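The values are calculated or read from the model by the stated rules, or taken from the named source; none is laboratory data. Quick caveat: nothing in here was measured; it's all calculated off a predicted structure. Positions of Cβ are generated from backbone atoms using ideal geometry, with glycine treated the same way; all protein chains shown enter the neighbour counts. When the accessible area is computed, the model is the full protein with side chains, heavy atoms only, and any ligands, DNA or RNA have been set aside. Shrake-Rupley method; radii C 1.70, N 1.55, O 1.52, S 1.80 Å.
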Amino acid sequence: MGPSGQDQTSSAAPAPSVLRRVLDSDLTHSFLRSKVTVAAATGTLLFVLAAILAPMIAPHDPFDLAGLSIMDARIPPVWMEYGEPRFLLGTDDQGRDLLSGILYGLRISLIVGICSVFAAAAIGISLGLVAGYAGGKIDALIMRIADVQLTFPAILIALLIDGAVRGIFGNLDREIFSFWILICSLALSFWVQYARTVRSSTLVEKNKEYVQAARVIGIPSVIIMIRHILPNVLGPVFVIATINLALAIVTEATLSFLGVGMPSTQPSLGTLISIGNDFLYSGEWWIAIFPGVALAVLVLNVNLLGDWLRDALNPKLR
Amino acid sequence: MLGFALRRFVQAVIVMLAVALIAFSMFRFVGDPVNQMVGMETSIEAREALRERLGLNDPLPLQFTRFVTNAAQFDFGTSYQFRQPVADLFAKRIPATLELSFTSALFALLAGIPMGIYAGLNRESWLSKLFLSVSLIGISLPTFFIGILLIFLFSVTLQWLPSFGRGDVVEIGSWWTTGFLTVSGLKALILPSITLGLYQMTLIMRLIRAEMLEVIRTDYIKFARARGLSNRAIYLRHALKNTLIPVITITGLQLGSIIAFATITETVFQWPGMGLLFLQAVQNVDIPVMAAYLILTAFLFVSINFIVDILYFLIDPRLRVKQA
């Protein structure tokens, strides 16, 4: 939208409502123009809804041990021979309904993914702000750590942190702590990108007049960073967060698949695939393939959404 | 040139020292090394003697120096779970990982470059669009799930290819084993290398496509066309050369990721390489193996980065002009 377009709207309606402004924004237009993006957003929304509503829409409760029967183990999907209408997508080796397992697993995968993205963003934004604003030795130290970490892929760092944490705290109760260990290792593996982006925008912002004015009237640095600089450097962070959400979900699934993520009593999609992998050779393919397809479709949707957001917010491409 | 190389070298050494410090702190502070090495019935005196012998009572800087000196000589102590020298464990498994990584990198380049050139030159053809959609799906599928799908299709359903292990290997020299020389070894390589290389392949394809699109719009390509050169000569001799600069950088850097992601692929295919060893170490909190893996991969990464930087400098004359 050019400057003239902005004038027209503001002269016609002096104080347009928030809804109106959102509907008229460039972002909404570019969103509605791309069919793929609308589909991806709908898909993502459906996944999130399915995850939130899992306890209500799941046909069985996979955590209700009393409801499990070994007689129901390894039943194929309903359209195959020996399939049963009770279990749409079949059951796993313990007789758990696969569809319900996937819905609950989706919930865990999404919660871990979103929490770790928030944690990584929090670490990265604070370190980036401090590095950019303070400069000097603090900046050099933080950025060197970031450089060293960037030479390694995140999955390796997450594995190392996971191993080290379990070494430090001995054999913790996996059922309680796996979740937190996962989020810690994911957050510590993914903070670098946020820190670098925020630092470079902070370097630009801190020399602008509003920051200098704030400094002159004696506002403490911490308040300047949080109240004045932070809102102006958040834009790119949203893009990184969306793209990293897909990455975090994949990494969590990978760790769980490798046996160092969520335990089989609280399975995420990765854990379900890992369980199913043992039965692939004996012909029970559905135990691994269905959770895998759910994971892949979820990640594809989030990736598409992230790609669009990156292009839409990139002024160079307009 | 020399100054540039020297600066890069100093940076590389600093990174290695930092990694060594992390590995050392893991070894020294995550759990008690002595408790891990002795049995329950060992007396306190014997424990103290071992502690003294390992030098764990020395000042920390001295311990660190010794750790670095030992690591530089490929001595990483004894594995907690296997009770064998870590160096021997790795030596046995390095050939498997390197052969797998090499084959997947080769696959990624040989498939990715032609697909990228084609998609860049024939933007609107349905085949290019198919390549792009497949690459998007390839990026969204987690590595381990690609492996599972391939196993399901080619090993379980069609029974064409083996799903685990290296097949028959041939010993070359005292410690190198290769699967390149036997039929079963080559067959065993196919699925793991595709799994490992698929992501890199899509990356290279997209990169070459984007670069091609940019390069064919430049003046020197128009000039070459005006000179009446054939399309083939223009694309392959003039355009491709310039698209290769970023490809070398990315491929170089990706070589490191290939080795790291080998951990996942090796687990899926029970491939007896370093990655599988590392994963078992993480599951059993076998710190010396983890520390050694960290240092070894860091060394590989840093060397690759160093070589790529130097290559970049040699290939792109513009960088040299800026330095002068």
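On association of chains A and B, roughly 3200 Å² of accessible area becomes buried (total for both chains; probe 1.4 Å).
Hydropathy first: keep DSSP H helices in chain B averaging at least 0.0 on Kyte-Doolittle, then drop any whose Cα extent along the axis falls short of 30 Å, and list what survives. Membrane-span-like by this criterion, though nothing is claimed about a membrane: B:2-29, B:86-121, B:183-215, B:240-268, B:287-315. Calculated FRET efficiency, B:A226 to A:K35, Cβ-Cβ distance, R0 = 30 Å: about 0.15 to the nearest 0.05.
Charging the Cβ of each Asp and Glu at -1 and of each Lys and Arg at +1, and nothing else, the dipole of chain B about its Cα centre rounds to 1740 debye. Farthest towards the positive end of the charge dipole of chain B, among the residues B:L203, B:S128, B:S184, is the Cα of B:S128, using unit charges on the Cβ of Lys, Arg, Asp and Glu.
At a threshold of 20 Å², the residues of segment A:129-166 that become less accessible to a 1.4 Å probe in the full protein assembly than in their chain on its own are A:V148, A:T151, A:F152, A:P153, A:I155, A:L156, A:L159, A:L160, A:G163, A:A164, A:R166.
Placing a label point 7 Å from the Cα of A:Y281 along the Cα-to-Cβ direction, the residues of segment B:260-280 with a backbone N closer than 12 Å are B:269-270.
In this simple spin-label approximation, B:V183 and B:Q84 carry label points 7 Å from Cα along the Cα→Cβ vector, and these lie 3.1 nm apart. Just want to confirm a number: the relative contact order over segment A:30-317, from Cα pairs under 8 angstrom separated by 6+ residues, in percent. Over segment A:30-317, the number comes to 23 percent.
Loop-located chymotrypsin sites (Phe, Trp or Tyr not before Pro) across segment B:4-35 with a Cβ neighbour count of 13 or fewer within 10 Å are lacking, with loop assigned by DSSP. Heavy atoms of the protein chains alone define the surface here; on that basis the protein assembly as shown has 50 Å² accessible area per residue at 1.4 Å probe size. Charges were assigned to the Cβ only: +1 to each Lys and Arg, -1 to each Asp and Glu. The resulting dipole of segment B:91-275 about its Cα centre is roughly 700 debye.
The distance linking segment A:93-138 with segment B:119-172 is 29 Å (Cα centroid to Cα centroid, whole angstrom).
Ellipticity at 222 nm from helices only: DSSP H runs of n ≥ 4 in chain B, each -39500 (n - 2.57), divided by the residue count, give -24000 deg cm²/dmol.
Inter-label distance, B:F29 to B:S174: 3.8 nm, where each label sits 7 Å from its Cα along the C-beta direction. What you get for the protein assembly as shown, charging only the Cβ of Lys and Arg (+1) and of Asp and Glu (-1), is a dipole of about 2900 debye around the Cα centre. Could you pull out the trypsin sites (Lys or Arg not before Pro) across segment B:219-324 that fall in loop regions by DSSP (anything but H, G, I, E, B) with no more than 10 other Cβ atoms inside 10 Å? For trypsin sites (Lys or Arg not before Pro) across segment B:219-324 that sit outside H, G, I, E and B with at most 10 neighbouring Cβ atoms in 10 Å, the list reads B:R227.
What residues of segment B:252-287 lie in the reach of a label at B:A91, counting those whose backbone N is under 20 Å from a point 7 Å from the Cα along Cα→Cβ? From segment B:252-287, the list is B:272-278. On segment B:91-275, 67 percent of the accessible area sits on carbon and sulfur atoms, based on a 1.4 Å probe.
Taking every full run of DSSP H in chain A, the ones that stretch at least 27 Å from end to end by Cα along their long axis and average 0.5 or higher on the Kyte-Doolittle scale are A:98-134, A:174-205, A:235-257, A:286-313.
Within the protein assembly as shown, what is the number of lysine pairs with alpha carbons under 27 Å apart, leaving out pairs fewer than eight places apart on the same chain? Qualifying lysine pairs in the protein assembly as shown: 16. Where a ≥ b ≥ c are the square roots of the eigenvalues of the C-alpha gyration tensor, would you call segment A:30-317 rounded, which needs a/c under 1.5, or, failing that, prolate if a/b is larger than b/c, or oblate? Prolate, since a/c reaches 1.5 and a/b exceeds b/c. Take the Cα of A:F238, step 7 Å toward its Cβ, do the same at A:S69, and the gap between the two points is 5.2 nm.
Overall, the accessible surface of chain A at a probe of 1.4 angstrom is composed of carbon and sulfur to the extent of 67 percent.
In terms of packing, defined here as the mean over residues of other Cβ atoms within 10 angstrom, the peptides B:197-204, B:252-259 line up highest first as B:197-204, B:252-259. Ranking A:Y281, A:Y104 by solvent-accessible area of protein heavy atoms (1.4 Å probe, all protein chains present), from largest to smallest, gives A:Y281, A:Y104.
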